[in-house]
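The next block holds one structure in the form of C-alpha coordinates; read it before the comments.
The values are calculated or read from the model by the stated rules, or taken from the named source; none is laboratory data. Please read these numbers as outputs of a predicted model, since none were measured by experiment. We place every Cβ from the backbone using ideal geometry, glycine too, and count neighbours over all the protein chains shown. Ligands, DNA and RNA are excluded from the accessible area calculation, which covers all protein heavy atoms including side chains. Shrake-Rupley method; radii C 1.70, N 1.55, O 1.52, S 1.80 Å.
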Amino acid sequence: MATIKDVALKADVSVTTVSHVVNDTRHVSAKVRERVELAIRELGYVPNAMARSLKSNTTSTLGMLIPNSSNPYFAEIVRIVEDRCFGAGYTLVLCNTDDEPHRQSVYLQVLAERRIDGLIVVSTGAGDDDSLMKQLRGLRMPTVLVDREIADPACDLVETAHMQGGLLAVRHLLSLGHKRIACIGGPVGVMPSEQRIEGWRMALAETGATPDIANAEALLWRGGFTSQGGYEAMHAILRTERKPSAVFVCNDLMAIGALRAAHESGVRVPDELSIVGFDDIELSAYTSPPLTTVAQPKERIGALAVDMLLERVGGKRRDARKVVLQPELRVRASTARHASFREPAAPVATETPSTETRKSRTP
(Lines give C-alpha, C1' and ligand atoms only; values in the text may rest on other atoms or scores of the structure.)
Protein backbone atom coordinates (compact mmCIF):
# COMPACT_ATOMS: atom_id res chain seq x y z
CA MET A 1 0.00 0.00 0.00
CA ALA A 2 1.38 3.38 -1.03
CA THR A 3 2.42 5.84 1.68
CA ILE A 4 2.59 9.63 1.74
CA LYS A 5 6.37 9.32 1.32
CA ASP A 6 5.88 7.33 -1.91
CA VAL A 7 3.62 10.09 -3.26
CA ALA A 8 6.16 12.77 -2.31
CA LEU A 9 8.98 10.86 -4.02
CA LYS A 10 7.01 10.29 -7.24
CA ALA A 11 5.79 13.90 -7.41
CA ASP A 12 9.27 15.21 -6.48
CA VAL A 13 7.96 17.29 -3.59
CA SER A 14 8.20 17.21 0.19
CA VAL A 15 5.91 15.14 2.43
CA THR A 16 4.63 18.42 3.87
CA THR A 17 3.53 19.59 0.43
CA VAL A 18 1.62 16.34 -0.16
CA SER A 19 -0.07 16.80 3.22
CA HIS A 20 -1.13 20.35 2.32
CA VAL A 21 -2.63 19.11 -0.98
CA VAL A 22 -4.49 16.23 0.68
CA ASN A 23 -5.82 18.30 3.59
CA ASP A 24 -6.13 21.59 1.71
CA THR A 25 -4.41 23.37 4.60
CA ARG A 26 -2.15 25.74 2.64
CA HIS A 27 -1.92 27.28 -0.81
CA VAL A 28 -0.05 25.08 -3.30
CA SER A 29 0.57 26.21 -6.87
CA ALA A 30 -1.67 24.69 -9.51
CA LYS A 31 1.27 23.04 -11.27
CA VAL A 32 2.56 21.35 -8.10
CA ARG A 33 -0.97 20.37 -6.98
CA GLU A 34 -1.58 18.71 -10.35
CA ARG A 35 1.67 16.75 -10.03
CA VAL A 36 0.79 15.56 -6.53
CA GLU A 37 -2.78 14.58 -7.47
CA LEU A 38 -1.47 12.62 -10.48
CA ALA A 39 0.95 10.74 -8.23
CA ILE A 40 -1.88 9.97 -5.78
CA ARG A 41 -4.03 8.50 -8.57
CA GLU A 42 -1.21 6.47 -10.11
CA LEU A 43 -0.11 5.00 -6.79
CA GLY A 44 -3.65 4.52 -5.45
CA TYR A 45 -2.73 6.37 -2.28
CA VAL A 46 -5.46 6.55 0.38
CA PRO A 47 -4.94 9.16 3.16
CA ASN A 48 -4.99 7.83 6.72
CA ALA A 49 -8.31 9.06 8.11
CA MET A 50 -7.27 8.34 11.70
CA ALA A 51 -4.10 10.40 11.37
CA ARG A 52 -6.03 13.26 9.84
CA SER A 53 -8.58 13.12 12.66
CA LEU A 54 -5.83 13.44 15.25
CA LYS A 55 -4.81 16.74 13.70
CA SER A 56 -8.31 18.12 13.14
CA ASN A 57 -9.92 16.48 16.22
CA THR A 58 -12.87 15.43 14.00
CA THR A 59 -13.53 12.37 11.86
CA SER A 60 -16.71 13.41 10.01
CA THR A 61 -18.09 10.10 11.27
CA LEU A 62 -21.21 9.46 13.36
CA GLY A 63 -22.16 6.22 15.12
CA MET A 64 -25.58 4.62 15.49
CA LEU A 65 -26.76 1.76 17.70
CA ILE A 66 -30.01 -0.09 16.97
CA PRO A 67 -31.48 -3.04 18.90
CA ASN A 68 -32.67 -5.19 15.99
CA SER A 69 -31.49 -4.79 12.40
CA SER A 70 -34.05 -7.35 11.18
CA ASN A 71 -36.96 -5.12 12.28
CA PRO A 72 -38.05 -3.12 9.19
CA TYR A 73 -38.92 -0.11 11.35
CA PHE A 74 -35.31 0.31 12.44
CA ALA A 75 -34.05 -0.45 8.93
CA GLU A 76 -36.20 2.38 7.56
CA ILE A 77 -34.97 4.78 10.27
CA VAL A 78 -31.35 3.84 9.47
CA ARG A 79 -31.84 4.56 5.77
CA ILE A 80 -33.20 8.02 6.57
CA VAL A 81 -30.37 8.73 9.04
CA GLU A 82 -27.72 7.53 6.59
CA ASP A 83 -29.10 9.67 3.77
CA ARG A 84 -29.10 12.71 6.04
CA CYS A 85 -25.54 12.03 7.21
CA PHE A 86 -24.29 11.59 3.64
CA GLY A 87 -25.91 14.85 2.60
CA ALA A 88 -24.15 16.62 5.47
CA GLY A 89 -20.75 15.14 4.57
CA TYR A 90 -20.67 12.53 7.34
CA THR A 91 -20.14 8.77 7.30
CA LEU A 92 -22.36 6.57 9.48
CA VAL A 93 -21.03 3.55 11.40
CA LEU A 94 -23.92 1.23 12.31
CA CYS A 95 -23.93 -1.35 15.12
CA ASN A 96 -26.71 -3.87 15.83
CA THR A 97 -26.91 -4.70 19.55
CA ASP A 98 -29.44 -7.52 19.07
CA ASP A 99 -31.15 -6.19 22.21
CA GLU A 100 -28.22 -7.42 24.34
CA PRO A 101 -26.97 -4.95 27.00
CA HIS A 102 -23.43 -6.41 26.98
CA ARG A 103 -23.12 -6.07 23.23
CA GLN A 104 -24.46 -2.53 23.48
CA SER A 105 -21.78 -1.67 26.04
CA VAL A 106 -18.99 -3.18 23.91
CA TYR A 107 -20.13 -1.35 20.77
CA LEU A 108 -20.28 1.97 22.61
CA GLN A 109 -16.65 1.52 23.63
CA VAL A 110 -15.64 0.48 20.10
CA LEU A 111 -17.29 3.56 18.60
CA ALA A 112 -15.60 5.81 21.15
CA GLU A 113 -12.21 4.32 20.25
CA ARG A 114 -12.91 5.12 16.60
CA ARG A 115 -13.19 8.76 17.64
CA ILE A 116 -16.65 9.31 16.16
CA ASP A 117 -17.96 12.87 16.40
CA GLY A 118 -21.40 11.97 17.77
CA LEU A 119 -23.78 9.14 18.52
CA ILE A 120 -27.41 8.17 17.81
CA VAL A 121 -28.73 5.49 20.17
CA VAL A 122 -31.83 3.33 20.11
CA SER A 123 -31.16 1.54 23.39
CA THR A 124 -31.83 -2.11 24.15
CA GLY A 125 -35.06 -2.86 25.97
CA ALA A 126 -33.50 -5.43 28.29
CA GLY A 127 -30.70 -3.28 29.68
CA ASP A 128 -30.10 -1.26 32.81
CA ASP A 129 -30.75 2.41 32.02
CA ASP A 130 -28.46 3.53 34.85
CA SER A 131 -25.51 1.59 33.40
CA LEU A 132 -26.16 2.99 29.93
CA MET A 133 -26.46 6.52 31.30
CA LYS A 134 -23.14 6.22 33.16
CA GLN A 135 -21.38 4.88 30.07
CA LEU A 136 -22.74 7.64 27.83
CA ARG A 137 -21.63 10.28 30.31
CA GLY A 138 -18.18 8.69 30.44
CA LEU A 139 -17.85 8.88 26.65
CA ARG A 140 -18.33 12.67 26.74
CA MET A 141 -19.67 12.95 23.22
CA PRO A 142 -22.88 14.47 21.79
CA THR A 143 -25.66 11.86 21.89
CA VAL A 144 -29.22 11.72 20.58
CA LEU A 145 -31.61 9.06 21.89
CA VAL A 146 -34.25 7.82 19.46
CA ASP A 147 -37.52 6.04 20.26
CA ARG A 148 -36.51 4.87 23.77
CA GLU A 149 -35.94 7.43 26.50
CA ILE A 150 -33.54 7.08 29.42
CA ALA A 151 -33.26 9.46 32.36
CA ASP A 152 -30.19 11.36 31.15
CA PRO A 153 -30.61 15.14 31.08
CA ALA A 154 -27.45 15.51 28.96
CA CYS A 155 -28.81 13.60 25.93
CA ASP A 156 -31.12 14.88 23.23
CA LEU A 157 -34.25 12.83 22.53
CA VAL A 158 -36.49 12.27 19.51
CA GLU A 159 -39.49 9.99 19.93
CA THR A 160 -43.13 9.47 19.04
CA ALA A 161 -45.97 10.01 21.52
CA HIS A 162 -46.46 6.26 21.95
CA MET A 163 -49.34 6.51 24.41
CA GLN A 164 -51.21 8.81 22.04
CA GLY A 165 -50.67 6.26 19.28
CA GLY A 166 -52.24 3.53 21.40
CA LEU A 167 -55.20 5.80 22.06
CA LEU A 168 -55.63 6.47 18.32
CA ALA A 169 -55.61 2.77 17.50
CA VAL A 170 -58.12 1.68 20.13
CA ARG A 171 -60.42 4.68 19.70
CA HIS A 172 -60.64 3.70 16.01
CA LEU A 173 -61.70 0.18 16.96
CA LEU A 174 -64.21 1.49 19.50
CA SER A 175 -65.71 3.79 16.87
CA LEU A 176 -66.36 0.69 14.76
CA GLY A 177 -68.44 -0.85 17.56
CA HIS A 178 -65.81 -3.21 19.00
CA LYS A 179 -65.95 -3.63 22.77
CA ARG A 180 -63.83 -6.68 23.53
CA ILE A 181 -60.43 -5.50 22.27
CA ALA A 182 -57.27 -7.47 23.04
CA CYS A 183 -53.72 -6.14 22.97
CA ILE A 184 -50.45 -7.79 21.93
CA GLY A 185 -47.62 -5.86 23.58
CA GLY A 186 -43.86 -5.99 23.22
CA PRO A 187 -41.30 -7.08 25.81
CA VAL A 188 -42.03 -6.21 29.43
CA GLY A 189 -40.26 -3.04 30.49
CA VAL A 190 -39.59 -1.64 27.02
CA MET A 191 -40.97 1.88 27.33
CA PRO A 192 -42.49 2.34 23.84
CA SER A 193 -44.44 -0.91 24.32
CA GLU A 194 -45.52 -0.02 27.85
CA GLN A 195 -46.70 3.42 26.73
CA ARG A 196 -48.68 1.96 23.81
CA ILE A 197 -50.29 -0.55 26.17
CA GLU A 198 -51.17 2.31 28.51
CA GLY A 199 -52.88 4.05 25.58
CA TRP A 200 -54.93 0.86 25.03
CA ARG A 201 -55.97 0.85 28.70
CA MET A 202 -56.88 4.54 28.64
CA ALA A 203 -59.02 4.17 25.52
CA LEU A 204 -60.95 1.26 27.07
CA ALA A 205 -61.42 3.26 30.28
CA GLU A 206 -62.93 6.13 28.29
CA THR A 207 -65.89 3.92 27.36
CA GLY A 208 -66.95 3.54 31.00
CA ALA A 209 -66.86 0.70 33.51
CA THR A 210 -67.75 -2.58 31.80
CA PRO A 211 -66.80 -6.17 32.64
CA ASP A 212 -64.35 -6.15 29.71
CA ILE A 213 -62.55 -3.11 31.07
CA ALA A 214 -62.45 -4.50 34.59
CA ASN A 215 -60.77 -7.63 33.20
CA ALA A 216 -58.64 -5.79 30.65
CA GLU A 217 -55.41 -7.45 31.81
CA ALA A 218 -56.85 -10.83 30.77
CA LEU A 219 -56.86 -9.43 27.23
CA LEU A 220 -53.16 -8.43 27.31
CA TRP A 221 -50.67 -10.73 25.61
CA ARG A 222 -46.95 -10.35 24.85
CA GLY A 223 -45.27 -10.90 21.51
CA GLY A 224 -41.67 -9.72 21.92
CA PHE A 225 -41.84 -7.24 19.00
CA THR A 226 -41.19 -10.10 16.52
CA SER A 227 -43.40 -11.61 13.83
CA GLN A 228 -43.04 -15.03 15.49
CA GLY A 229 -44.13 -13.52 18.79
CA GLY A 230 -47.20 -11.92 17.21
CA TYR A 231 -48.01 -15.20 15.45
CA GLU A 232 -47.86 -17.20 18.69
CA ALA A 233 -49.78 -14.59 20.70
CA MET A 234 -52.61 -14.47 18.15
CA HIS A 235 -52.91 -18.28 18.13
CA ALA A 236 -53.18 -18.15 21.93
CA ILE A 237 -55.85 -15.44 21.74
CA LEU A 238 -57.89 -17.43 19.22
CA ARG A 239 -57.82 -20.48 21.52
CA THR A 240 -59.50 -18.58 24.38
CA GLU A 241 -63.13 -19.26 25.22
CA ARG A 242 -64.23 -15.62 24.84
CA LYS A 243 -62.47 -14.37 21.75
CA PRO A 244 -62.07 -10.62 21.15
CA SER A 245 -63.54 -9.01 18.05
CA ALA A 246 -60.49 -6.79 17.60
CA VAL A 247 -56.79 -6.74 18.51
CA PHE A 248 -54.40 -3.81 18.89
CA VAL A 249 -50.88 -5.04 18.13
CA CYS A 250 -48.04 -2.85 19.41
CA ASN A 251 -45.90 -3.07 16.28
CA ASP A 252 -46.40 -3.99 12.64
CA LEU A 253 -43.97 -6.90 12.71
CA MET A 254 -46.08 -8.66 15.35
CA ALA A 255 -49.25 -7.69 13.44
CA ILE A 256 -47.93 -9.45 10.32
CA GLY A 257 -47.45 -12.62 12.39
CA ALA A 258 -50.93 -12.15 13.87
CA LEU A 259 -52.46 -11.88 10.40
CA ARG A 260 -50.90 -15.20 9.42
CA ALA A 261 -52.16 -16.88 12.60
CA ALA A 262 -55.69 -15.62 11.94
CA HIS A 263 -55.52 -16.92 8.36
CA GLU A 264 -54.31 -20.35 9.51
CA SER A 265 -57.13 -20.50 12.06
CA GLY A 266 -59.75 -19.73 9.42
CA VAL A 267 -60.59 -16.36 10.99
CA ARG A 268 -61.42 -13.78 8.34
CA VAL A 269 -59.84 -10.35 8.76
CA PRO A 270 -61.59 -7.92 9.01
CA ASP A 271 -65.00 -9.68 8.75
CA GLU A 272 -64.54 -11.68 11.96
CA LEU A 273 -61.54 -9.95 13.54
CA SER A 274 -60.15 -6.43 13.18
CA ILE A 275 -56.40 -5.83 13.62
CA VAL A 276 -54.48 -2.57 14.08
CA GLY A 277 -50.68 -2.39 14.08
CA PHE A 278 -48.15 0.29 15.02
CA ASP A 279 -45.20 1.83 13.08
CA ASP A 280 -46.49 1.90 9.47
CA ILE A 281 -43.51 0.04 8.04
CA GLU A 282 -43.47 -0.12 4.26
CA LEU A 283 -44.58 -3.79 4.26
CA SER A 284 -47.79 -2.96 6.15
CA ALA A 285 -49.42 -1.62 2.98
CA TYR A 286 -48.76 -4.94 1.20
CA THR A 287 -50.12 -7.47 3.69
CA SER A 288 -53.36 -9.30 2.97
CA PRO A 289 -55.47 -7.44 3.84
CA PRO A 290 -53.45 -4.18 3.95
CA LEU A 291 -52.83 -3.34 7.61
CA THR A 292 -54.52 -0.48 9.44
CA THR A 293 -51.74 0.95 11.60
CA VAL A 294 -50.48 3.88 13.63
CA ALA A 295 -47.83 5.70 11.61
CA GLN A 296 -44.68 6.95 13.27
CA PRO A 297 -43.23 9.99 11.41
CA LYS A 298 -40.04 8.13 10.45
CA GLU A 299 -38.74 10.75 8.02
CA ARG A 300 -38.92 13.45 10.69
CA ILE A 301 -37.48 11.17 13.37
CA GLY A 302 -34.41 10.32 11.29
CA ALA A 303 -33.85 13.84 9.98
CA LEU A 304 -34.27 15.44 13.41
CA ALA A 305 -31.92 12.95 15.05
CA VAL A 306 -29.12 13.87 12.64
CA ASP A 307 -29.83 17.61 12.63
CA MET A 308 -29.94 17.80 16.44
CA LEU A 309 -26.72 15.79 16.71
CA LEU A 310 -24.89 18.02 14.23
CA GLU A 311 -26.02 21.08 16.18
CA ARG A 312 -24.24 19.68 19.23
CA VAL A 313 -21.20 18.49 17.24
CA GLY A 314 -20.82 21.93 15.67
CA GLY A 315 -21.14 23.67 19.03
CA LYS A 316 -24.31 25.52 18.02
CA ARG A 317 -26.21 24.28 21.06
CA ARG A 318 -25.24 22.99 24.50
CA ASP A 319 -28.54 22.41 26.28
CA ALA A 320 -30.33 19.10 25.75
CA ARG A 321 -33.47 19.14 23.65
CA LYS A 322 -36.47 16.79 23.73
CA VAL A 323 -38.81 16.44 20.74
CA VAL A 324 -41.99 14.33 20.91
CA LEU A 325 -43.70 13.85 17.55
CA GLN A 326 -47.37 13.01 17.05
CA PRO A 327 -48.42 9.74 15.35
CA GLU A 328 -51.19 9.40 12.78
CA LEU A 329 -53.71 6.64 12.07
CA ARG A 330 -53.50 4.95 8.66
CA VAL A 331 -56.84 3.25 8.01
CA ARG A 332 -56.56 0.38 5.54
CA ALA A 333 -58.47 -2.88 5.11
CA SER A 334 -57.70 -4.86 8.29
CA THR A 335 -60.42 -3.14 10.33
CA ALA A 336 -64.18 -3.09 9.86
CA ARG A 337 -67.38 -2.48 11.80
CA HIS A 338 -68.38 -5.01 14.39
CA ALA A 339 -71.34 -7.18 13.37
CA SER A 340 -73.50 -5.61 16.07
CA PHE A 341 -72.61 -2.06 15.06
CA ARG A 342 -75.61 0.08 14.17
CA GLU A 343 -75.63 3.57 12.75
CA PRO A 344 -77.60 6.04 14.88
CA ALA A 345 -81.16 6.03 13.60
CA ALA A 346 -82.04 9.10 11.57
CA PRO A 347 -85.05 11.05 12.90
CA VAL A 348 -88.27 10.25 11.01
CA ALA A 349 -89.79 13.37 9.51
CA THR A 350 -93.55 13.78 10.01
CA GLU A 351 -95.16 14.99 6.82
CA THR A 352 -97.51 17.95 7.25
CA PRO A 353 -100.17 18.27 4.55
CA SER A 354 -99.62 21.31 2.38
CA THR A 355 -102.10 24.19 2.31
CA GLU A 356 -103.06 23.21 -1.20
CA THR A 357 -103.84 19.63 -0.12
CA ARG A 358 -105.88 20.79 2.86
CA LYS A 359 -107.92 23.09 0.62
CA SER A 360 -108.68 20.27 -1.81
CA ARG A 361 -110.27 18.31 1.01
CA THR A 362 -112.58 21.14 2.01
CA PRO A 363 -116.16 20.40 0.89
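Brief remarks follow.
- Annotation: amide H of T91 within the under-5 Å range of T61, L62, sequence separation 5 or more or interchain, hydrogens built in the peptide plane.
- For region 1-137, accessible area per residue (1.4 Å probe, heavy atoms of protein chains only), Å²: 57
- Burial ranking of peptide ranges 149-161, 22-34 (average Cβ count within 10 Å, highest at the top): 149-161, 22-34
- Entry for volume of the Cα convex hull per residue in Å³ (calculated from the structure that is shown) out of (1) 258; (2) 141; (3) 179: (1)
- Nearest 10 degrees, 0 to 90: helix 298-313 Cα axis against the chain principal axis: 40
- Normalised by the number of residues in the chain, the average gap of Cα pairs under 8 Å and 6 or more apart makes the relative contact order 15 percent.
- Within the listed set S14, S105, S131, the residue fluctuating most in the Gaussian network model of the chain (springs between alpha-carbon atoms under 10 angstrom) is S14.
- The chain: angle of helix 162-175 to the longest principal axis, Cα-based, in degrees nearest 10: 30
- Whole-Hz couplings from phi, Karplus 6.51/-1.76/1.60, listed for region 184-198; x for Gly and Pro: 10, x, x, x, 4, x, 7, 4, x, 5, 4, 5, 5, 4, 4
- Cα gyration tensor shape for region 25-179, rounded if a/c is under 1.5, else prolate or oblate: prolate
- Under-24-angstrom lysine pairs by C-alpha in the chain, whenever the two are 8 or more apart or on separate chains: 7
- Over region 261-321, equivalent-ellipsoid semi-axes from the Cα gyration tensor in Å: 41, 10, 7
- Under a 5 Å amide H cut-off, with hydrogens placed 1.01 Å from N, L325 pairs with E159, T160, A161 among residues at least 5 apart or on other chains.
- Distance from the C-alpha centroid of region 159-232 to that of region 233-281: 13 Å, rounded to the whole angstrom.
- Accessible area of the chain belonging to carbon and sulfur atoms, whole % at 1.4 Å probe: 52
- List I4, I116, ordered by accessible area with a 1.4 Å probe, largest first: I4, I116
- Rounded to the nearest 5, the antiparallel percentage of DSSP beta bridges internal to the chain is 10%.
- A 1.4 Å probe run over region 270-347, with the rest of the protein chains in place, finds 55 Å² accessible per residue.
- Rounded to the nearest 10 degrees, the angle from helix 252-264 to the longest Cα principal axis of the chain is 50 degrees.
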